[in-house]
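For reference, the structure discussed in these notes is given below.
Where a number appears in this text, it was derived from the coordinates with a stated rule and is not lab data. In this text the structure is predicted, and so the values were computed from the model without any measurement. Note: ideal-geometry Cβ built from the backbone for every residue, glycine included; neighbour counts use all protein chains shown.
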Amino acid sequence: MSKNSTFTLLIVLFLFSFISVNSQTFKTEKIPLGIVLKALEKRFDIRFTYADKTIEDVEITEPSMLLSYNDAITYLRTNTNLNFKIINSRFVAISPSMKVTRPIEPLEEVLLTTYLTSGITKTKTGEIVINPDDFGILPGLIEADALQTVQALPGVISMEETVSNLNIRGGTHDQNLILWDGIKMYQSGHFFGLISAFNPNLISNVVVSKNGTSALYGDGISSTIDMRLDNDINEESTAGLGLNLIQADAYTKLKLKGNMELQLSARRSITDALNTPTYQQYFNRIFQDSNIEDASESNQNSTSNETFYFYDISAKLLHDLSNKDKLRFSFTTIFNALDYLENNLTTTLRSDITQYNLAAGINYTRQWSKFLSSDVRFNISDYKLKSNNFNPDTNQSLQQNNEVLDQGITLQLKLDFNERLRWINGYQYSNVATTNLENISNLNFSNNNENTVETHATFSEFSFSSYNNKTHLKVGTRSNYYKPFNVLLLEPRLSVNHKLFKHLKVELLGEFKSQVTSQVIDRQNDFLGIEKRRWVLANNTTRPITESKQASAGLHYNKNKLLVSAEVFTKKVNGITTRSQGFQNQYQDINAIGSYKTKGLDFLINKQFNNISTWLSYSLNNTKYNFPTLNNAQDFNSNTAISHALTFAGTYTINNLKLALGFNWNSGRPTTTPNTQQPIFDNAINYNMANNTNLDDYFRTDFSGTYNFNFVKNTKAELGFSIWNLLNRENTINSYYILNNDNSISRIDNKSLGFTPNLSFRVVF
């Protein structure tokens, strides 16, 4: 498909969606809420629980018959001054909004009730909130996978189609702070990045911040992705089972005696027992250009056999000690394993790689009075990556280990003066230790690097809403004292949202941030050539503390379910190294210190109808490196500089059927080519200027659909179907060059996922 035809198709579909649905009429007559609830109970086979006084005198426009269950609940929340809480698949509790025991969190105040699709909202402080319980559908997705869903947002892209390499506003993946129930996670993907490592079944909501981050958060100079589990005890127990062509899962929220609840989920791959088309496409994608593929292609006298699987287990115990005291314990473990056997005529050689992240946290909250509350949290996160790689050509075994141990405590004090003003103060201590081990047999070579960084941080933050609800302000500061380096950094944060006119709001965001963790990328065959990222700590010499300064301004127009949003931003990041940027050219073996600047635009137009949602998003990104010792100290294109990224998508809902179709296009990633006049110089590849050109444009079409139905009594079921890369377009996502033994140059191209179908079946009871 040519570029011209692609854009023509996008424009035609976008215009058609507007023309076809604008003829619809909307009901305006209001009727008692009780009548609406009775109709919804009969339609969806559910029960609303409430006190009669709660809905007394409440009237509402009858929702469209085309709305799905989740969309109908969202509609009720939006158009009434009531709380609607989904207890399980059959019960929804209704309560007055004025009876909440605590003031509404400023972070949770909704600006836009629907952003792209149901279950995705935007807050008045600039965050994007993803609610899996209310999640509608996105092209190529059949569940509310947190890290996959994030990629649908303007300004977020994964150049390698993985959740372990998210590039947000020019940043690298290690510059994203990923939290699971308040715990920092160092592993984000299964299948070495193709699947999110976080089971969505227990996640209550995901808060994404690209700028203007709360002062409560350190690290993550590019973004914060905060996955929060349900923190309230449910009235009823619920459970569910799910199966697709990659994995099987189960979860439960079990109500216990004594004001306790146990939340438990488990997920495991089926790929070691069943070779599905989905698995085969994943395998071809992730293991291309690895030792596994190289061995199978280079030695015709040998056979190979690989066993791959993954699992994750998550649990949370909730105990309300009293009306004022709450205790929460969270735990998760994430595991990937690959065993690779190579059989030749005489011997069997074994290589293996394991990757896992174990995390746990204890949280105690105390409501001292109507205005004062405290929070104490202990966290630990332990990440390990281990491999043993046997090379039959040299008869050597390479052992490599990477470990991160992150321990910390957070003390927090909240003072709610009223529903409009909140003041938060706190202290945070963290101790992060990294280990990098390399051991080569027969050469008696061993290298073990261990580093530790202690950080003491204090934070203070005010949140304010004006009496007329037109202005929302969040201002704070954070101080980080890095003990090993005797360095103190102050980090101011700002978020302002003001209603200029009835339907037009202006947003101003700004922040200073810093971090001491980063990933170095090895382009040789480390860890079997699969997982080439290793976590390291700053040492304030060859690896400085990474610091960022960012500002953005946005306008948001929202009327009659039409959203037009535009944000311009600028960001400056100091203290990056070439080792953390993944160079594959003349700078691959150089460790230089530099910076990058990013300027850009995130644009979104989103139109909601009764049964259709369409959106067009566009991101403009201009990211430039500057390394004083490289390229004559002149700026040059960053490795993450995707100049243009465009998405057009739409969803259609009718009764219990949801369909989604989307088109993704972006300009090719920067790459470096050899000099055509003199490609080889001094027995090495002679390159042009770094990132002198770009790969071909990237284009992908995705489709997905889900259907909900009553399986048996008190049990709901959902069938899902998705196709990633519907048109089976072959996209080059990375390209580099190697020098062969005969002094010739070969170009290596890494390809994207091809036509990848998936089926799912899920029951909830």
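Numerical summary
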{"read-out": "Packing-based order for 52-62, 136-146, using average beta carbon neighbours within 10 Å, highest first", "value": "136-146, 52-62"}
{"read-out": "Volume per residue that the Cα convex hull of the range 353-434 spans, once the total is divided by residue count, Å³", "value": "102"}
{"read-out": "The range 201-243, relative contact order in percent, only Cα pairs under 8 angstrom and at least six apart counted", "value": "46"}
{"read-out": "Sorted by Cβ neighbour density within 10 Å, fewest at the top, the residues Lys253, Lys474, Lys713", "value": "Lys713, Lys253, Lys474"}
{"read-out": "Under 12 Å from the Asn692 label point (7 Å along Cα→beta-carbon), backbone N, the range 578-604", "value": "586"}
{"read-out": "Residue exposure sequence - Val506, Val453 - by fewest surrounding Cβ within 10 Å", "value": "Val506, Val453"}
{"read-out": "Gain in span if fully extended, Gln634 to Lys483, counting 0.36 nm per residue against the direct Cα distance", "value": "50.9 nm"}
{"read-out": "Within the range 497-539: backbone nitrogen closer than 20 Å to the Glu306 label point (7 Å, Cα to C-beta)", "value": "522-534"}
{"read-out": "The range 238-764, relative contact order [Cα under 8 Å, separation at least 6], %", "value": "8"}
{"read-out": "Extent along principal axes [Cα atoms of the range 407-544; Å; largest to smallest]", "value": "75, 33, 23"}
{"read-out": "Ordering of 626-636, 210-220 by burial proxy (mean other Cβ atoms within 10 Å per residue, highest first)", "value": "210-220, 626-636"}
{"read-out": "Separation in nanometres of the label points that stand 7 Å from Cα toward Cβ, at Lys470 and Ser446", "value": "7.1"}
{"read-out": "R0 of 30 Å, Cβ-Cβ distance Arg43-Lys559: FRET efficiency to nearest 0.05", "value": "0.55"}
{"read-out": "Hull shadow area, averaged, the chain [alpha-carbon convex hull, nm²]", "value": "34.0"}
{"read-out": "Size-normalised alpha-carbon gyration radius of the range 611-675, reference 2.2 N^0.38 Å", "value": "1.78"}
{"read-out": "Proxy reagent accessibility, fewest Cβ within 10 Å first, across Tyr282, Tyr50", "value": "Tyr50, Tyr282"}
{"read-out": "Out-of-range pairs (alpha-carbon distance over 30 Å; input Lys30/Lys85; Lys384/Lys597; Lys42/Lys255; Lys210/Lys470; Lys316/Lys751)", "value": "Lys384/Lys597; Lys316/Lys751"}
{"read-out": "Kyte-Doolittle mean at least 1.6, axial Cα span of 20 Å or more - DSSP H helices of the chain", "value": "3-21"}
{"read-out": "Principal axes of the range 471-514: Cα extent on each, largest first, Å", "value": "52, 12, 7"}
{"read-out": "Spin-label model distance (nm) - Asp272 vs Thr541, 7 Å beyond Cα toward Cβ", "value": "4.3"}
{"read-out": "Cross-link pairs beyond the 22 Å C-alpha cut-off, checked among Lys532/Lys571; Lys53/Lys499; Lys414/Lys474; Lys38/Lys559; Lys370/Lys414", "value": "Lys532/Lys571; Lys53/Lys499; Lys38/Lys559"}
{"read-out": "Difference of contour (0.36 nm per residue) and Cα-Cα distance, Asp589 to Ser746", "value": "54.6 nm"}
{"read-out": "Directionally averaged projected area (convex hull, Cα atoms, the range 502-632), nm²", "value": "11.5"}
{"read-out": "For the range 589-735, convex hull of alpha carbons as volume per residue, Å³", "value": "185"}
{"read-out": "Nitroxide proxy distance, nm - points 7 Å out along Cα→Cβ at Asp682 and Asn714", "value": "7.7"}
